[in-house]
Structures are given as C-alpha cells and as structure tokens.
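Visitor: Got a structure for you, questions after.
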Amino acid sequence: MSDIVPIKLVCLDLAGTTVGDIAMVERAFAEAIATQGIVPGTGAYARAMVHVHRSRGCPKIDVFRGIFPGNEAQAQAANLTFERSYEGTLERAGLEPMPGVLEVLDKLRGNDVKLALITGFSRTTLSRVLGILGWHDRIDLAISPEDAGGRGRPWPDMVLHAVLRLGIADVRNVAVIGDSESDMLCGRRAGASVVAGLMTGVHSRERLLKGGATHILDSIVDFPDLILSDSMGATQVASSAR
C-alpha cells in the first residue's frame, strides 16, 4: 500500500513506559520539595504534587522551576536533592523493567528498528539508570535534555536529535511511545507517524489523546505488532486512537 510508512526509529520513554519506577520518582520529588519547606499535609505540598503529576515527562529542573517560579536558586537546590534521592534509591532498590520490555526491545532491534531512550532525567541520572539496567547492547542511543541543547519534552528536540544522530532520513519513519501527555506532544511536534500512549503510567487516556496520541495501548508488549504490521496505513493511524 502506498500509504504505509515503515518505522525505522522508535523513541521510548523511561519511567512508566520501559521501567516501573513511578513511585520512586514521586518520592524523590516529595523529598526534594520538603528540603525547600514544602512538606506533606500542607496546601502548598498538594499544589506542588499536582504540578509534578501534570508535568510528567518534562525535564526535572523545569518541573522545579514551575514549583518555585522566579527563584532559580531554589529550583536548582531542589533538583539537586531530587537527583541525590532518586539515585540513592536506585542504588538500594535497583530498577525493574516493565513486564515484557526486554522482549519488545529485542524484537524491534531484530527487525532492524533503531531504538532511542528519551527522558526528563539529567545526563548524570540517565547514566546511572543505564548502568543499573545494563541496556547498552539493547539500545542505539539514550538522550537527556542536555544532549539536545537543553530543551526536553514537550519540545520535539530530543526526538529530532535522535533522528539526526541515527541517520533517519524522514521523521515519518519515527514512532514515539510514552505514558504522559508531554510524550505525546513531543512526538507529534517532531512529526512522528506513530505516537503511542501507554496506560501504564500516571496520565489518563483523555490526557494522552489531548497530547496527540495516534494510538492508545494497554501494554508495551502490544507495540511491536503495531509498528511492524504490514497493514498499518495512514488511515488506520488516524482512526486507531478514537
């Protein structure tokens, strides 16, 4: 069919998509804002955690800038505490892939699809995560906002950085998968043909669709059949998220 667009690159989110560390991330956020005087049981804490929830997938420093507007020093201090808290939890508890993820990665690479992990973590934290997971031989690229000029999701920069680094000729050959509205916005703004929203994270189906999801999946294990199917045409892409 002339409307079939082969997928040659998949950009995958980390937390809530390929690894199940949502609770760890939220605890680290709670600890970070507590060091800045925003403690559980207060209205300020409730508002801050709502902001954290809404900002899933965005660079962590940008989340703190939203909590502490106009106070860069406070945002930076909270971000540093977040990184130390999260990385400390990683060292103590480790990190588990989401069910079926390793098989998904292997199947995609076995079909000559390049894989890029994109995240809102800093480069330092991302390196720790990759070291613990041991995925260096399963992916082609891992990108933090710093690697793409400093702009993370919902901007398209990290996906476009992957396109350039991995030599993809056309953004229509890209698929993006994630569990947050910012993941969806990033994929759509980058021009990806498939922007798949996963129901394994914190954002609802409605939020994912609002962000521009072309598909909604209950599990990442359904993803390879979606993008490797010979029958996936442009009409199906447009209608599958309804």
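The values are calculated or read from the model by the stated rules, or taken from the named source; none is laboratory data. Every value quoted in this text rests on a predicted model; they were computed, and no experiment measured them. With ideal geometry, Cβ positions are generated from the backbone for all residues, glycine too; neighbour counts draw on all protein chains shown. Heavy atoms of the whole protein, side chains included, go into the accessibility calculation; ligands, DNA and RNA do not. Shrake-Rupley method; radii C 1.70, N 1.55, O 1.52, S 1.80 Å.
Visitor: With a probe of 1.4 Å, find how much accessible area region 1-47 has per residue, and write the answer as a whole number in Å².
Guide: Per residue, region 1-47 has an accessible area of 43 Å².
Visitor: Using a basic spin-label model with each label point 7 Å from the Cα along Cα→Cβ, how many nm lie between residue 35 and residue 127?
Guide: For the pair residue 35/residue 127, the computed spacing is 1.9 nm.
Visitor: Roughly how tilted is helix 181-190, in degrees to the nearest 10 and between 0 and 90, from the longest Cα axis of the chain?
Guide: 50 degrees
Visitor: Using the C-alpha gyration tensor of region 143-201, what are the square roots of 5 times its eigenvalues, in whole angstrom, with the largest one first?
Guide: 17, 14, 8
Visitor: Still on this structure, I have one more. In terms of the Cα gyration tensor, with a ≥ b ≥ c the square roots of its eigenvalues, is region 121-176 rounded because a/c is under 1.5, prolate because a/b exceeds b/c, or oblate?
Guide: Oblate is the answer for region 121-176, as a/c is 1.5 or above yet b/c matches or exceeds a/b.
Visitor: Moving on. Give the calculated FRET efficiency between residue 137 and residue 103 to the nearest 0.05, with a Förster radius of 25 Å applied to their Cβ-Cβ distance.
Guide: For residue 137 and residue 103, the calculated efficiency is 0.95.
Visitor: Please compute the contact order of the chain in relative form: average sequence separation of alpha-carbon pairs under 8 Å and at least six residues apart, divided by the residue count, as a percent.
Guide: 25 percent.
Visitor: With both bridge residues required to lie in the chain, what share of the DSSP beta bridges run antiparallel, to the nearest 5%?
Guide: 5 percent
Visitor: Tell me the angle of helix 22-34 to the major Cα principal axis of the chain, expressed in degrees between 0 and 90 and rounded to the nearest ten.
Guide: Once rounded, one gets 30 degrees.
Visitor: So, one more: For a test of the definition: using alpha carbon positions, the gyration tensor, and the 1.5 limit on a/c, classify region 59-172 as rounded, prolate or oblate.
Guide: Oblate shape, in that a/c is at least 1.5 and b/c is the bigger or equal ratio.
Visitor: Across 5 Å bins from 0, what is the distribution of all Cα-Cα pair distances for the chain, in whole percents?
Guide: Distribution as computed: 1, 7, 15, 19, 20, 16, 10, 6, 4, 2, 0, 0 percent.
Visitor: I would also like to ask the following. At a 1.4 Å probe, what is the % contribution of carbon and sulfur to the accessible area of the chain?
Guide: The value for the chain is 51 percent carbon and sulfur by accessible area.
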